[in-house]
Amino acid sequence: MTTVVRGAVHRNSYRDSVELMGIAAQLEQLDGIQRAGLVMATPANLAVLREAGLADAASGGPGPNDLVVAVAANDDATGDAALARAAALLAAGSGDSDGPVQERVAQTLGEGLAELPDANLVLVSTPGTYATAEALRALHRGLNVFLFSDNVPLEDEIRLKALADRKGLLVMGPDCGTAIVGGVPLGFANAVRRGPIGLVGASGTGLQQVTSLIHRFGSGVSHALGTGGRDLDEAVGGTTMLAALRQLLADPGTEVLVLISKPPSPTVAKRILDAVSGASKPVIVNFLGGDPAAVRAVGGHPAFTFEEAARIAVDLAVGAALDGVDRADGADEVDRADGADRAGEGGGGAASADARAIGQRLAPDQAAILGLYSGGSLAGEAKIVLKRALGAERHDRILDLGDDEYTVGRPHPMIDPRLRDEHLVAAGSDPSVAVVLLDVVLGYGSHPDPGGALAPAIAEAKAAASADRRELVVVASVCGTDLDPQGLDRQERTLADAGVLLEPSNARAAALAAAIVAAAPGEAASATDGSAEHRLVGAAD
Amino acid sequence: MGVAGIPAPEPTTLPHAVTHLVATRLTADADPARRPRRGRVRSVHRAAIAIDLAPGGETLTIAIDAVGGCPTGLLVRADDVRSFGVAAGMDVVPAADGWHIPEAALVVEPAGATVWDPALPSSTRLTADAELTRRARLTRSLVDALARPGGLWPLRDRRTDDAWATAARPVIRELSSALVAGDRGTATAAASRLVGLGVGLTPSGDDLLVGLLAGLEATDHPMRAEVAAAVTSDVGERTTAAGASALRQAADGAYSERLHDVLASLARAAGDREGGPTRDRRDGLARAVVGALAFGETSGSDTLAGLLLAVDVALMSERQAANAGAAA
C-alpha cells in the first residue's frame, strides 16, 4: 500500500489533549487515512514523529507552541482532505474537554460550527448557571445570541450586552422567549409571512400578538427581535433594543419599525426615543402605558395597544395615510358602544354589539373580571385597557400564569393548560366573577390544541355557574395565524362552540369584557349611588 | 466603550484570590527588574485562564478555586472562568493593584487574598519504609482504576500502540535505574529526553518530571538539583509555554496544592507502625489521589506517575542499602 505523509502546522495553537485525541480519532476513521496525530511541535515530539515516519508533516520549522497535524494517507488528495477536516475542527474548537468524540453529532458549539461554518446566531437554552459562559463563547466567535435561558444574573446580562455592543452583535435575552430572524421562528413564535415590518420587543407575547396581527392584516415581518424582559430596566439601559433598532434601520428588507415593551424605565425610554428621533424609517412605539406625546415629539408613531401598533405599521408599510383620527389615546379601541369592527374581519367584532345585553343578564353580585393569561404582556395590556375603560379604582384579578410563582415545578401554561383549567373551573363557583378573560396563544412551542384543551374546563365552569343561576361569560382572543400548526380557524371554532366570545385581538377582548361589566347590574347600581366599592377578589396589581 | 449615553459597566474585580509566588514575585512591590511589563492571555478553559507574562516567560494562571493552589496562580470563587469574558489574545496590563484585562473589563487584584505557599512543608517528607511501600501500592491501584487513556500511565504497560508512551518508557526505565545507581550523567540525560514529550498543552513528559521533582524533594534524593537543572535548561525551546512554566516552578520547589495533598497523605503513614494504616488515613489518601486526577485529562496521572517513580527509587535505594548493610 502506498503511504503518503501530509502535515500542517498551526501556529500558537493551544488545545488540550482530549480535543486533539478526539480530532485524531476522527481523522483515522476517514477512508484512506492510515494514521493521524496532533501534537505540539516540541523537539521530543518531532523525534517521535520521525520515528513513526511522519517527519515530513512538520516541515517549516514549527516551534514548541505550534501544533502539528500529521496524517499518513493512501494518497495526497486523501491526506489533504484530512488536513482540511482537522483545520475546520480546530477552527471551531474551544479547547474545552468535552470528552472523546465518538460520532459526528454536534455536541458543542465548536462541533456545531464545524457543521455550519456560516452560522451567525447561537440559541442558548441551558440552565442559567451555564448560560453566561455559553453566550460569551458565542460572542467571542462573532455570533449573535438568542438567550432563551432564565436565571441569568443581572450583572451577567449587563456584561454580555456590553460585549455584544462592542462587537456589533445582538444578545436577545436573557429569558427571551420569542424572535423571528430572517423568517425563522425562535422559541415561542408564530408562523407569519415575510414582509417589510421589523419589530423589536422586550415582550414575548407582545411580539407574538403584533406579528400575528401584521400577518392577519395582510402584511409581513422582516425580523422580530426579542430583547429579554430586563433590557429596558435602568441597569441594562436598553442596550439590545438600541442595537436592534440600529440594525433594522440599516436592514434593506425593513421599511417600517415597531418597538414594543412593557412600561420601561423613564430614563431608558428617553434614550430609546432619542434614538428614534430622526430615524430614516417610520417607527411605531408601543410602550404599554407610555406617553404618546413623547413619542410624537421625536417623530415616532405612538400606539396604545398591540393591535394599534400592528395596524399603523401595516398602514405605513402599504403607504396608506393615517386617517387623521387621534389613535394614541386608545379611545377608538375601548369605545365599543357602536360595535364598530375596526379589525375589518368577520366573527368576533359582532359580539361587541351584544355587550350591553350580556352585561344586563349578570347577577347583582357579578362584577369582577378574572384574567387568566399565559402571556405576561397580554395580561399587562389587558390591565391597561380595563383601567382605561373602567377607571383606575378597579381591582380586577388579571393573572399572568406564566409568572415564576405559578410555574415553579410545572410547565408554562402555553404548553400545559392544566393550571389555567383549574382556575377556570374555580371561577365557575365564584359568584363574584362576571367575565373570565383569556388569551389563547398559537404557534411553535405552544400546546398543539389549546382551544381543545380549554374547552372542557370552560364547559365545566359555565355549568357550575349555570347551576347557581348565574351566567359566566368567557371572552378570549386567539393570538395566531392561519399558518400556525394549531390552525387558527379550528381553534376559533372550538372556542366558539364552547361558548367563548371571541375578539380578534387581546385589546378588543379586554374592551369587550369592560363593556360587559360596565353594563352589569352591580356596576349600574354603583354608578347610580356612587358608593359601591369595586374592589373584588384581591388586588390586581 | 458602550453605547453613547449609556455608561460602560464597572470593571469586575475578581474575588477570593489565593497566591504565593505571584505575591512575592509579580506584584508591584516586587523587584522592579523582575516585574512583568506586559502579558497576554494564552488560553481560556473552564477551569483556568493561562496568561503569558513578559519578560521572564512566567505563566499567570487564574483558576477556579476547586483546582486548588497552584504556584503562579490566583484562585477565584467561580465554577467557570469563561464567564469572565476573557479570550485568548487579550492584553494583560500590570498595575499598582494587580493586573488589568481591559478588553474584558476585568481587574485581577491579589491584595487581601489568602496567601498559600507552594513549597513542600515538612509534613510531606517521605520515609522509605514498609508503610510507604503499602501506600504507594494503594496509590498505584487507585490511579490504575481512575486514569484516563492517552498519557504515560501505566509506566510498565507493554502496549505499543501509543507512539509517545512507546518512546517514553525505555527513557523512564533508564532514568529510574540511573537515579538508584547515582549515575548523574545518565539520569540528567534521560530526564532531559522527557522534556516536551507527549500530547497536551503540558506534554505528558513534563507532568511526569514535575511529579518526579516533587518526589525527589520529598525523599531528599541527592541528585534532585542536577535533574532540576537539566530539565529547565533552555526549556522554552524544548517544550510548550505551559510545560516550561510548570518545570521552572517545580525546579524552584513550587508545586500544586493537590500534589501537596498526595504527598502529605503518603507521608502520614510514617507514624503507622502497628497494624498498618487506619481506614481514615486510607480514605484520606484516596481522596487526595482522586483530587489530583480531577483536573486535566492525563496531567494528574502523569504527575503521579513521576511521583511514584521517585518513591520507587527511594524504596529501591533503601532496600539496596539495607542489603548492603546486611552483607557487610
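The values are calculated or read from the model by the stated rules, or taken from the named source; none is laboratory data. Please read these numbers as outputs of a predicted model, since none were measured by experiment. We place every Cβ from the backbone using ideal geometry, glycine too, and count neighbours over all the protein chains shown.
Quick one: which of A:278, A:237, A:253 is within 22 Å of residue A:297 (Cα to Cα), modelled with pLDDT under 95 and surrounded by fewer than 21 Cβ atoms within 10 Å (Cβ to Cβ)?
Values: A:237 fails: surrounded by fewer than 21 Cβ atoms within 10 Å (Cβ to Cβ); A:253 fails: within 22 Å of residue A:297 (Cα to Cα).
Result of the check over A:278, A:237, A:253: A:278.
Checking residue A:118 against (1) over 19 Å from residue A:243 (Cβ atoms); (2) more than 11 Å from every other protein chain (Cβ to nearest Cβ); (3) touching a helix residue (DSSP H, G or I) at 6+ places or on another chain (Cβ under 9 Å); (4) not aliphatic (A, V, I, L, M): exactly one of these is not met. Which one? Condition (3) is where residue A:118 drops out.
Filter the stretch A:40-51 down to residues that are surrounded by fewer than 18 Cβ atoms within 10 Å (Cβ to Cβ) and not acidic (Asp, Glu) and give me whichever is nearest to the other protein chains (Cβ to nearest Cβ).
From the stretch A:40-51, those surrounded by fewer than 18 Cβ atoms within 10 Å (Cβ to Cβ) are A:43, A:47, A:50-51; that's our starting set.
Going one step further and asking which of them are not acidic (Asp, Glu), we end up with A:43, A:47, A:50.
On the way: A:43: 6, A:47: 7, A:50: 11 Å.
Only one residue fits best here, namely A:43.
For residue A:5, state whether it is part of a strand (DSSP E or B) and more than 10 Å from chain B (Cβ to nearest Cβ). Here the answer is yes, as residue A:5 does meet what is asked. Residues in the stretch A:18-39 that are surrounded by 20 or more Cβ atoms within 10 Å (Cβ to Cβ) and more than 13 Å from residue A:7 (Cα to Cα): A:18, A:19, A:20, A:21, A:22, A:23, A:26.
If the condition is being within 30 Å of residue B:310 (Cβ to Cβ) and among the charged types (D, E, K, R), then the stretch B:95-152 contributes B:117, B:125, B:129, B:131, B:134, B:135, B:137, B:140, B:144, B:148.
You will find that of A:163, A:169, A:139, A:199, the residue that is in contact (Cβ under 8 Å) with a residue 24 or more places away in the chain, outside any helix (DSSP H, G or I), touching a helix residue (DSSP H, G or I) at 6+ places or on another chain (Cβ under 7 Å) and within 14 Å of chain B (Cβ to nearest Cβ) is A:169 and no other.
Residue B:38 meets all of the listed conditions (1) over 16 Å from the mean Cα position of the chain (by Cα); (2) crowded, with 19+ Cβ neighbours inside 10 Å; (3) modelled with pLDDT of 80 or more; (4) away from chain A (no Cβ under 14 Å) but one, namely (2).
Being in contact (Cβ under 8 Å) with a residue 60 or more places away in the chain and more than 18 Å from the chain's Cα centre (by Cα) narrows it down to one residue among A:189, A:243, A:235, A:269; which is it?
Values: A:189 fails: more than 18 Å from the chain's Cα centre (by Cα); A:243 fails: more than 18 Å from the chain's Cα centre (by Cα); A:269 fails: in contact (Cβ under 8 Å) with a residue 60 or more places away in the chain.
On inspection, the qualifying residue turns out to be A:235.
Exactly one residue among B:233, B:245 is within 14 Å of chain A (Cβ to nearest Cβ) and more than 10 Å from the chain's Cα centre (by Cα), and that residue is B:233.
Residue-wise test of (1) surrounded by fewer than 19 Cβ atoms within 10 Å (Cβ to Cβ); (2) modelled with pLDDT of 90 or more; (3) of a type in the set (Gly, Ala, Ser).
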site: B:130; (1), (2), (3): yes, no, yes
site: B:153; (1), (2), (3): no, no, no
site: B:159; (1), (2), (3): yes, no, no
site: B:170; (1), (2), (3): yes, yes, no
site: B:175; (1), (2), (3): no, yes, no
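Counting the residues of the stretch B:41-66 that are in contact with a helix residue (DSSP H, G or I) (Cβ under 7 Å, 6 or more places away or on another chain), farther than 17 Å from residue B:243 by Cβ and within 14 Å of chain A (Cβ to nearest Cβ) gives 5. A count restricted to the stretch B:294-324 and to residues that are of a type in the set (A, V, I, L, M, F, W, C), at pLDDT 85 or above and closer than 14 Å to residue B:143 by Cα stands at 5.
Counting just the residues of the stretch A:53-78 that are assigned to a helix (DSSP H, G or I) and either closer than 18 Å to residue B:241 by Cβ or at pLDDT 85 or above (or both), which one comes out farthest from the other protein chains (Cβ to nearest Cβ)? Even if it seems obvious, please write down each step before you answer.
Start the filter on the stretch A:53-78 by keeping residues that are assigned to a helix (DSSP H, G or I), which leaves A:55-58, A:76-78.
The next check asks that each one be either closer than 18 Å to residue B:241 by Cβ or at pLDDT 85 or above (or both); those that pass are A:76-78.
Details: A:76: 23, A:77: 25, A:78: 21 Å.
The qualifying residue farthest from the other protein chains (Cβ to nearest Cβ) is A:77.
Of all the criteria given as (1) within 21 Å of the chain's Cα centre (by Cα); (2) more than 28 Å from residue A:144 (Cβ to Cβ); (3) not β-branched (Val, Ile, Thr), the one not satisfied by residue A:294 is (1). Looking only at residues in the stretch B:70-115 that are acidic (Asp, Glu) and more than 14 Å from every other protein chain (Cβ to nearest Cβ), the one that is surrounded by the most Cβ atoms within 10 Å (Cβ to Cβ) is B:109. May I ask you to verify whether residue B:57 is within 21 Å of residue B:256 (Cα to Cα), in contact (Cβ under 8 Å) with a residue 12 or more places away in the chain and out of contact with any strand residue (DSSP E or B) (no Cβ under 8 Å at 6 or more places or on another chain)? So residue B:57 fits the description; yes. Looking only at residues in the stretch A:210-243 that are assigned to a helix (DSSP H, G or I) and in contact with a Ser or Thr (Cβ under 7 Å, 6 or more places away or on another chain), the one that is farthest from residue A:156 (Cα to Cα) is A:216. One residue stands out in the stretch A:186-219 among those that are at pLDDT 95 or above and over 18 Å from residue A:441 (Cα atoms): the one that is surrounded by the fewest Cβ atoms within 10 Å (Cβ to Cβ), namely A:198.
Annotation note: of A:443, A:376, the sole residue that is surrounded by fewer than 24 Cβ atoms within 10 Å (Cβ to Cβ), within 21 Å of the chain's Cα centre (by Cα) and in contact (Cβ under 8 Å) with a residue 60 or more places away in the chain is A:376.
Yes/no per residue for (1) assigned to a helix (DSSP H, G or I); (2) surrounded by fewer than 20 Cβ atoms within 10 Å (Cβ to Cβ); (3) without any contact (Cβ under 8 Å) to a residue 12 or more places away in the chain:
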site	(1), (2), (3)
A:386	yes, no, no
A:392	no, yes, yes
A:414	no, no, no
A:447	no, no, no
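Every listed requirement among (1) more than 22 Å from residue A:507 (Cα to Cα); (2) at pLDDT 90 or above; (3) surrounded by 18 or more Cβ atoms within 10 Å (Cβ to Cβ) is met by residue A:475 save one, (1).
Just a yes or no: is a residue in the stretch B:202-216 away from every other protein chain (no Cβ under 14 Å) and more than 20 Å from residue B:71 (Cα to Cα)?
Keep residues of the stretch B:202-216 that are away from every other protein chain (no Cβ under 14 Å), which gives B:210-216.
Still in the list and also more than 20 Å from residue B:71 (Cα to Cα): none.
The answer is no, given that none of the residues of the stretch B:202-216 is away from every other protein chain (no Cβ under 14 Å) and more than 20 Å from residue B:71 (Cα to Cα).
Is it the case, given these coordinates, that residue B:118 is in contact with a His (Cβ under 9 Å, 6 or more places away or on another chain), crowded, with 19+ Cβ neighbours inside 10 Å and over 30 Å from residue A:11 (Cβ atoms)?
Numbers: in contact with a His (Cβ under 9 Å, 6 or more places away or on another chain): yes; crowded, with 19+ Cβ neighbours inside 10 Å: yes; over 30 Å from residue A:11 (Cβ atoms): yes.
For residue B:118, the condition - in contact with a His (Cβ under 9 Å, 6 or more places away or on another chain), crowded, with 19+ Cβ neighbours inside 10 Å and over 30 Å from residue A:11 (Cβ atoms) - is met.
Residue by residue, here is whether (1) surrounded by 24 or more Cβ atoms within 10 Å (Cβ to Cβ); (2) free of Cβ contacts under 8 Å to residues at least 12 places away in the same chain; (3) among the aliphatic types (A, V, I, L, M) holds:
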residue: B:193; (1), (2), (3): no, no, no
residue: B:196; (1), (2), (3): yes, no, no
residue: B:202; (1), (2), (3): yes, no, no
residue: B:207; (1), (2), (3): yes, no, no
residue: B:212; (1), (2), (3): yes, no, yes
residue: B:223; (1), (2), (3): no, no, yes
residue: B:237; (1), (2), (3): no, yes, no
residue: B:243; (1), (2), (3): yes, no, no
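Applying the criterion of being at pLDDT below 90 and of a type in the set (Asp, Glu) to the residues of the stretch A:134-177, the residue that is nearest to residue A:189 (Cα to Cα) is A:175.
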